[in-house]
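The values are calculated or read from the model by the stated rules, or taken from the named source; none is laboratory data. Source: prediction; values computed, not measured. Using ideal geometry, Cβ is built from the backbone for each residue, glycine included, and neighbour counts are taken over all protein chains shown. The accessibility values were calculated without ligands, DNA or RNA, using every heavy atom of the protein model including side chains. Shrake-Rupley method; radii C 1.70, N 1.55, O 1.52, S 1.80 Å.
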Amino acid sequence: MKPTTQQGVTLIELLVVITLVALLAGVGYPGLRAFGERNAHRVAVSQLQSALAVARHAAITRRTPVFLCPQAADENACGKDWSQALLVVAHATRPLEPANILRVLPRSDARITYNRGWRRVRFSSLGHSSGHNGTFTICADSTAPARGTALILSQLGRTTLENTACPGP
């Protein structure tokens, strides 16, 4: 007679594997979640910096004022929430003419606030931003207060990054 070989796994082996998988998932999930939030934060900072640079560049190359503003719900107006999609607009009119919208930049996964409370940032034909220095605060969209980034827009249209504390949700 031929010896029989075991086919399949025993119940004990299966329980050991399930226990190990659960243990690894329990240890790894919080780190993975924190990594995702840090990555979303970095992407939001980069997107806002890019949007400001695109608007400034468009103003200089077109030799006309260009505005950057958050998109409102009706899509043809500037809103108040800087976390929404951003519009780069030449010759701002109300309501916005679709032909004047130069670019639509995607919505951010972070909370973005602007300390000036303005609905838009205007760049002159020289690339200077309107008014005074303004600060955008970018915070990860989490429930706990955390470290964030302050993006400072100078009157010359240049940006600087600093670490800052984020208020709670």
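Key figures for this structure:
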{"read-out": "Listed residue (GLN84, VAL66, LEU105) projecting farthest to the positive dipole end of segment 47-116, Cβ model", "value": "VAL66"}
{"read-out": "GNM result for the chain, Cα springs below 10 Å: residue of GLN84, GLN71, GLN155 fluctuating most strongly", "value": "GLN155"}
{"read-out": "Most fluctuating residue given options SER154, SER83, SER46, as computed from a GNM of the chain linking Cα atoms under 10 Å", "value": "SER46"}
{"read-out": "Structure-derived log10 I(q)/I(0) by the Debye sum over Cα atoms at q = 0.09, 0.12, 0.18 Å⁻¹ - corresponding label in (1) -0.42, -0.60, -1.08; (2) -0.35, -0.60, -1.11; (3) -0.30, -0.55, -1.20", "value": "(1)"}
{"read-out": "Sparse-neighbourhood loop sites, trypsin sites (Lys or Arg not before Pro) in segment 22-116 - DSSP loop, at most 11 other Cβ within 10 angstrom", "value": "ARG63"}
{"read-out": "Per residue accessible area in Å² of the chain, where ligands, DNA and RNA are left out and the probe is 1.4 Å", "value": "64 Å²"}
{"read-out": "Sequence-separation-based contact order of the chain, relative, with Cα cut under 8 Å and 6+ spacing, percent", "value": "18 percent"}
{"read-out": "Per-residue SASA entry for SER129, accessible area with 1.4 Å probe, Å² rounded to 10", "value": "10 Å²"}
{"read-out": "List TRP118, TRP82, ordered by accessible area with a 1.4 Å probe, largest first", "value": "TRP118, TRP82"}
{"read-out": "Positive-end residue, the chain charge dipole about Cα centroid, Cβ charges, pick of PHE35, LEU48, TRP118", "value": "TRP118"}
{"read-out": "With DNA, RNA and ligands ignored, accessible area of ASP74 (1.4 Å probe; Å², nearest 10)", "value": "100 Å²"}
{"read-out": "Segment 30-36 - phi-based ³J(HN,Hα) in whole Hz, Karplus 6.51/-1.76/1.60, Gly and Pro as x", "value": "x, x, 5, 5, 5, 4, x"}
{"read-out": "LEU23 - accessible surface, heavy atoms, 1.4 Å probe, Å² rounded to 10", "value": "100 Å²"}
